Amino acid sequence: MSDELIQLSALEAVQRLGRRELRPIELVDAALARMAEVDPAVNAMPTLCAERAREHARRLERERPEEGPGWLGGLPIAVKDLTPVAGVRTTFGSPIYADHVPDRSDLLVERLEARGAIVLGKSNTPEFGAGANTFNPVFGQTLNPWDTRMSCAGSSGGSAVALATGEVWLATGSDLGGSLRTPASFCSVVGLRPSPGRVPSGPRELPFDKMSVDGPMARTVGDLALLLDAMAGYHPADPLSYPAPVESYASAAERRVVPNRVAFSPDLRISPVDPEVRAITAAAAARLAELGAEVTEDCPDFSEAPETFHVLRAAGYVAGMDPLYRTKRSLLKEDIVWNIEQGLAQAPQRIGEAERARGRIFKNMAEFFTRYDLLLCPTACTPPFDVNQRYVTEVAGHKFESYIDWLRLVSAITLTSCPALSLPCGFTKAGLPVGLQIVGKPRGEAELLSAAAALEEALGLARLTPIAPRRRAEPVRS
């Protein structure tokens with residue numbers, strides 16, 4: 001029975017919960033059994049809260065709230081270890097917080113639990129989410145289940161791996177410069193960076209900073225839309241949040257509307273890209289043409305994006321982490337120290353120019369979307385890399401200068417505040433996953449999900465997960 005349950009989609013599981021064909025406790029036990037079976041090979045879920053989850057499951061059976069859009073009915077989920085959960089060890093991947101147990105959950109967790117989600121545990125993340133390879137001094141490395149010698153990327157790597165291996169049906173992630181999208185690409189799952197304010201979170205010291213956003217991760221677009229419904233909406237504790245739309249995102253995904261005009265770029269004209277990744281993502285974009293969309297190779301001007309992102313990220317690290325830098329510098333990993341010191345060394349004029357450049361990038365994007373419905377490009381410039389390598393240093397003969405340089409394809413989109421989704425679109429000859437980044441218009445999540453669901457159906461890759469972890473990648477037949 002456990003094997004059957006972990007194969008269910010989130011939508012199917014919630015429907016069966018609603019019909020009382022399943023009890024929440026059955027799903028909790030099935031997920032825990034799956035974790036015991038596969039997690040030792042990948043280290044995706046280092047912190048579990050099994051008794052808390054079972055008590056919540058029993059409470060949901062006693063007190064059945066009124067159902068509505070986003071109601072999860074007692075479905076177990078994973079929460080990224082950057083997001084506080086009351087009474088559950090929350091480390092942020094840092095030795096500074098190795099024994100930290102918060103008294104209060106993030107309001108995102110409060111909302112999800114109020115809408116029927118059961119938190120089963122915390123998914124692994126790099127220290128404070130810094131770096132697109134999931135390892136930290138508290139819990140160690142998280143491994144890619146398609147080939148456990150490889151990185152699952154980061155910083156939402158634990159969530160992506162837990163989904164790919166069937167440990168949970170849904171998971172939360174967060175994304176500053178690709179932290180949600182890149183792991184989705186590396187693990188052949190779906191991840192959405194929503195528009196800032198779409199998913200409320202907090203309370204935070206920097207409530208007006210929305211370079212980083214929380215978002216949903218799932219195995220399919222339909223499941224992801226269900227979780228976005230559970231996440232989205234206005235909350236008075238988040239000053240940038242706004243109401244959810246009248247139509248649910250699950251309904252939008254179910255429509256599977258093919259867009260009229262789509263632009264594809266293999267590199268956004270700012271990044272080297274592995275030749276196999278170029279070919280696989282181009283072929284996926286061509287499938288939209290087969291479905292009736294007009295697909296043109298084009299993209300906005302992102303020439304200022306790499307420098308702009310570097311400057312604004314560094315300034316954000318000063319705002320968010322300078323107190324720890326001044327008191328706990330020796331306990332911070334070198335990449336974080338480097339980012340903070342880059343920010344401290346910046347002249348105010350440089351930050352001002354970066355803000356103006358971001359305005360120009362958004363203007364370019366807004367004009368671009370008067371001609372196109374979507375922008376497509378690779379999510380990552382490379383397939384999964386050796387897990388023992390801290391970050392990607394070179395692609396297609398181009399050497400990167402820092403640990404965030406190889407993420408230009410996702411960090412450039414961050415600057416636009418447009419919603420962006422990573423969709424599984426194929427595998428390399430070595431059997432490693434590749435993701436296609438699909439970018440929608442500002443606050444255009446519904447149209448984005450609808451188009452992504454149409455392409456997902458055409459590609460036929462969603463049925464390939466969940467998988468058991470593999471020591472070596474295998475050829476994949478879709």
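One table, with the values for the structure above:
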| read-out | value |
| --- | --- |
| Test for Ala50: is it more than 19 Å from Ala13 (Cα to Cα), hydrophobic (A, V, I, L, M, F, W, C) and free of Cβ contacts under 8 Å to residues at least 24 places away in the same chain | no |
| Inter-residue pairs, beta-carbon under 6 Å, first within 22 Å of Thr370 (Cα to Cα) and touching a residue at least 40 places away in the same chain (Cβ under 8 Å) and in region 239-265, second in a helix (DSSP H, G or I) and β-branched (Val, Ile, Thr), 6+ apart | none |
| Flag if Tyr325 is outside any strand (DSSP E or B) and over 23 Å from Gly140 (Cβ atoms) | yes |
| Given (1) in contact (Cβ under 8 Å) with a residue 40 or more places away in the chain; (2) buried (at least 24 other Cβ atoms within 10 Å of the Cβ), number of the condition Pro203 does not satisfy | (2) |
| Qualifying residues in region 408-425 (those that are of a type in the set (A, V, I, L, M, F, W, C) and within 26 Å of Phe208 (Cα to Cα)) - the one surrounded by the most Cβ atoms within 10 Å (Cβ to Cβ) | Val410 |
| Strands (runs of 3 or more DSSP E) enclosed by region 204-314 - at least 1 residues per element that are under 30 Å from Glu341 (Cβ atoms) and touching a strand residue (DSSP E or B) at 6+ places or on another chain (Cβ under 7 Å) | 213-218 |
| Positions within region 314-345 being free of Cβ contacts under 8 Å to residues at least 12 places away in the same chain and among the hydrophobic types (A, V, I, L, M, F, W, C), in sequence order | Ala345 |
| Those helices (runs of 4 or more DSSP H) lying entirely in region 1-115 with at least 1 residues charged (D, E, K, R) and touching an Asp or Glu at 6+ places or on another chain (Cβ under 7 Å) | 24-42 |
| The one condition in (1) touching a residue at least 24 places away in the same chain (Cβ under 8 Å); (2) within 19 Å of Ala218 (Cβ to Cβ) that Arg463 fails to fulfil | (1) |
| Residues of region 127-167 classified as under 20 Å from Leu421 (Cα atoms) and either touching a His at 6+ places or on another chain (Cβ under 7 Å) or of a type in the set (A, V, I, L, M, F, W, C) (or both), total | 8 |
| Matching residues in region 72-124 - criterion: being over 21 Å from Leu32 (Cβ atoms) and of a type in the set (S, T, N, Q) | Ser94 |
| Among residues of region 153-179, those that are small (Gly, Ala, Ser), in a helix (DSSP H, G or I) and out of contact with any strand residue (DSSP E or B) (no Cβ under 7 Å at 6 or more places or on another chain), counted | 2 |
| Filtered residues of region 18-62 (kept if within 15 Å of Pro469 (Cβ to Cβ) and buried (at least 20 other Cβ atoms within 10 Å of the Cβ)) | Arg34, Met35, Val38, Asp39, Val42, Asn43, Ala44, Met45 |
| Of residues in region 426-478 being in contact with a Pro (Cβ under 9 Å, 6 or more places away or on another chain), more than 25 Å from Asp298 (Cβ to Cβ) and of a type in the set (S, T, N, Q), the one surrounded by the fewest Cβ atoms within 10 Å (Cβ to Cβ) | Thr428 |
| Tally, over region 75-105, of residues that are farther than 24 Å from Leu180 by Cα and touching a strand residue (DSSP E or B) at 6+ places or on another chain (Cβ under 6 Å) | 0 |
| All positions within region 289-330 that are surrounded by 15 or more Cβ atoms within 10 Å (Cβ to Cβ) and under 15 Å from Phe128 (Cβ atoms) | Arg313, Ala314, Gly316, Tyr317, Val318, Gly320, Met321, Leu324, Tyr325 |
| Lone unmet requirement of (1) surrounded by 24 or more Cβ atoms within 10 Å (Cβ to Cβ); (2) within 28 Å of Val246 (Cβ to Cβ); (3) within 14 Å of the chain's Cα centre (by Cα) for Val161 | (2) |
| Pairs, first in contact (Cβ under 8 Å) with a residue 40 or more places away in the chain in region 443-455, second among the aromatic types (Phe, Trp, Tyr), C-beta under 6 Å, six or more apart | Leu449/Tyr249 |
| Residue list for region 132-142, filter: surrounded by fewer than 24 Cβ atoms within 10 Å (Cβ to Cβ) and either farther than 15 Å from Ser94 by Cβ or small (Gly, Ala, Ser) (or both) | Gly140, Gln141 |
| Residue, nearest to the chain's Cα centre (by Cα), within region 182-196, restricted to residues that are of a type outside the set (A, V, I, L, M) and under 21 Å from Ala250 (Cβ atoms) | Gly191 |
| Check on Ser94, among the polar types (S, T, N, Q), modelled with pLDDT under 95 and surrounded by 15 or more Cβ atoms within 10 Å (Cβ to Cβ) | no |
| Residue satisfying condition, being closer than 27 Å to Gly460 by Cβ, out of contact with any Lys or Arg (no Cβ under 7 Å at 6 or more places or on another chain) and in a loop (DSSP other than H, G, I, E, B), within set Pro383, Pro424 | Pro383 |
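The values are calculated or read from the model by the stated rules, or taken from the named source; none is laboratory data. Predicted, not measured: the structure shown is a model, and the values here were computed from it. Backbone-built Cβ (ideal geometry, glycine too); neighbour counts: all protein chains shown.
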